[in-house]
Amino acid sequence: MEQAEPTQSGFRLRLGLFFILIWWLPIWLLSPAVSDLLGVHSSKDRHEVLLGLVIIQTIVGIVGFILASREVVRLIKQIPRRKVPGTLWYMIRTGKVDDTATRR
């Protein structure tokens with residue numbers, strides 16, 4: 001008999017939150033160092049490196065938001081509203097779903 005894939009993933013929630021954290025960090029401040037590593041010396045090219053870092057960081061943040069929000073929406077549909085914050089915190093800390101919380 002095949003087992004159904006678990007509907008919740010603590011890993012995806014944690015990965016989404018990590019990507020959102022990367023989105024919030026001011027990585028654009030590293031653009032002068034990245035430009036030097038790439039051998040870029042003109043002002044125009046340095047601005048392109050900065051723009052590239054900002055675009056990549058924004059894409060990572062959007063992917064993180066999508067990953068985390070899908071897991072939260074699945075959780076909200078399965079458990080009573082009063083148990084959502086505690087269950088989310090449990091998932092973030094342990095990476096597992098609290099089985100007692102999913103029972104209505």
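None of the figures in this text is laboratory data; all of them are computed from the coordinates on show. Keep in mind the model is a prediction, meaning the values are calculated, not measured. Positions of Cβ are backbone-derived with ideal geometry, glycine not excepted, and every protein chain shown enters the neighbour counts.
Return yes when Glu48 is among the acidic types (Asp, Glu) and closer than 30 Å to Tyr90 by Cα and no when it is not.
For Glu48, the condition - among the acidic types (Asp, Glu) and closer than 30 Å to Tyr90 by Cα - is not met.
When you scan the stretch 57-72, do you find a residue that is touching a Lys or Arg at 6+ places or on another chain (Cβ under 6 Å) and hydrophobic (A, V, I, L, M, F, W, C), even just one?
For the stretch 57-72, residues touching a Lys or Arg at 6+ places or on another chain (Cβ under 6 Å) and hydrophobic (A, V, I, L, M, F, W, C): present.
Can you tell me which residue among Thr87, Thr58 is of a type outside the set (Gly, Ala, Ser), in a helix (DSSP H, G or I) and closer than 14 Å to Phe19 by Cα?
None of the others qualify; the one that does is Thr58.
Check the stretch 49-66 and report whether any residue there is out of contact with any helix residue (DSSP H, G or I) (no Cβ under 7 Å at 6 or more places or on another chain), surrounded by fewer than 11 Cβ atoms within 10 Å (Cβ to Cβ) and more than 24 Å from Ser9 (Cα to Cα).
Yes: one or more hits.
When the residues of the stretch 67-87 are narrowed to those that are in contact (Cβ under 8 Å) with a residue 40 or more places away in the chain and within 19 Å of the chain's Cα centre (by Cα), which ends up surrounded by the most Cβ atoms within 10 Å (Cβ to Cβ)?
By that ranking, first place goes to Glu71.
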